[in-house]
Amino acid sequence: MNEPTESDSGFRCGFVALAGRPNAGKSTLLNRMVGRHLAAVSPHPQTTRARIRGVVNEDHAQIIVVDTPGMHRPRTLLGERLNEVTAGAWSEVDLVCWCLAADERVGPGDRHLAGALAAAGAKAVVAVTKVDRVGRERVVEQLAAAQALTREAGLESVGFVPVSALTGWQMGELADVLADALPPGPRLFDTDDVTDQSDEDLVAELIREAALAEVREELPHSIAVTIDEMGFRAERPAERPLLDIHATIHVERASQKGIVIGHRGAHLRETGTAARQGIERLLGVPVYLNLHVRVAREWQRDPKQLGRLGF
């Protein structure tokens, strides 16, 4: 039997929003599905701060996956805006992929999220993530808990798939389930497209990810990154390009600036090295990366500063 083409009624295309509590594995899932590092990944909750779209091209479907910040109880203006971004995405997509981590028990946050998705009229595929961290019995328990949770909330569910984005296990099965639940329609993006994010956005994500990995203290919510300047060095020949990037890491207090920089600049150097290597892998060109650290006092609570930082 031939695979459907875009001109056939069997070809499907649509938007899928990733939902879940903070640190449920949404960004890792997005990166694995797209096959490219688009979203910052960190063990710290609330790492994702914006809607990041990745394009998954299958023979019979195109899935546009939208990563969103994890729903949480906001303590700052930034937190409120992130929740608004997430809730807004649910009303603009064809399907929600609800990520429920296998290594965490179902709790009030999951029940609240299920109710919010149901109230928004969402249709969901439940992905039980991080199954590589637990045994088979625990996976079965979490699948049963997910089914009970969707029934209690009145959330329309069209599939339950255990996956490991880290190892890739069952990721093809998840893509098939998502694709089958999308409406018929032609591709919205070219087959060569993997995201609608700009290179500057992707570079900023990689720098922030590297900074989060280097800093062990509780600073993840206080760190933001902006790209001040980015372009190829003019005097370099075409066969030996060098991409110059000047970026700023923003923190909220002077004490945090010292932590990000580290003793004699050690942390900032490590951050720069890791970020530069990630950027070179992503863009495929040599990179000169210059990082500065700036104090933007209480930026998470200041509407003007949030606007300047892109929130």
**Message:** I'd like to verify a number: residues in region 276-299 that are more than 18 Å from GLU209 (Cα to Cα), among the aliphatic types (A, V, I, L, M) and buried (at least 19 other Cβ atoms within 10 Å of the Cβ), how many?
**Reply:** 1
**Asked** For region 254-271, what are the residues that are surrounded by 14 or more Cβ atoms within 10 Å (Cβ to Cβ) and not small (Gly, Ala, Ser)?
**Response** GLN256, LYS257, ILE259, VAL260, ILE261, HIS267, LEU268, ARG269, GLU270, THR271
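Hey, does region 268-275 have a residue that's of a type outside the set (A, V, I, L, M, F, W, C) and closer than 23 Å to THR195 by Cβ? Don't jump to the end; show me each part of the working.
In the first step, residues of region 268-275 are kept if they are of a type outside the set (A, V, I, L, M, F, W, C); the result is 269-273.
Retained after the next criterion (residues that are closer than 23 Å to THR195 by Cβ): none.
No, the conditions are met nowhere in region 268-275.
Okay, residues lined up against (1) of a type in the set (Ser, Thr, Tyr); (2) modelled with pLDDT of 95 or more:
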{"residue": "GLY109", "(1), (2)": "no, no"}
{"residue": "VAL126", "(1), (2)": "no, yes"}
{"residue": "THR129", "(1), (2)": "yes, yes"}
{"residue": "LEU149", "(1), (2)": "no, no"}
{"residue": "PHE160", "(1), (2)": "no, yes"}
{"residue": "LEU212", "(1), (2)": "no, no"}
{"residue": "VAL215", "(1), (2)": "no, no"}
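If we scan region 73-86, do we find a residue that is modelled with pLDDT of 90 or more and either within 17 Å of GLY25 (Cα to Cα) or among the aliphatic types (A, V, I, L, M) (or both)?
Taking region 73-86 and keeping what is modelled with pLDDT of 90 or more, we get none.
Within region 73-86, not a single residue is modelled with pLDDT of 90 or more and either within 17 Å of GLY25 (Cα to Cα) or among the aliphatic types (A, V, I, L, M) (or both).
Which one is surrounded by the most Cβ atoms within 10 Å (Cβ to Cβ), of the residues in region 141-199 that are part of a loop (DSSP other than H, G, I, E, B), out of contact with any strand residue (DSSP E or B) (no Cβ under 7 Å at 6 or more places or on another chain) and not aliphatic (A, V, I, L, M)?
Filtering first and then ranking leaves SER164.
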**Request:** Could you please find all residues in region 236-253 being surrounded by 11 or more Cβ atoms within 10 Å (Cβ to Cβ) and of a type in the set (A, V, I, L, M, F, W, C)?
**Result:** LEU242, LEU243, ILE245, ALA247, ILE249, VAL251
**Asked** Name the pairs whose Cβ atoms lie under 8 Å apart, with the first residue in region 107-119 and in the same structural domain as ALA148 (by TED's automatic domain parsing), the second of a type in the set (Asp, Glu) and in a helix (DSSP H, G or I), and 6 or more positions between them or separate chains?
**Response** ARG111/GLU152; ALA114/GLU152
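The values are calculated or read from the model by the stated rules, or taken from the named source; none is laboratory data. Owing to the predicted nature of the structure, the values given are computational and were not obtained by experimental measurement. Positions of Cβ are backbone-derived with ideal geometry, glycine not excepted, and every protein chain shown enters the neighbour counts.
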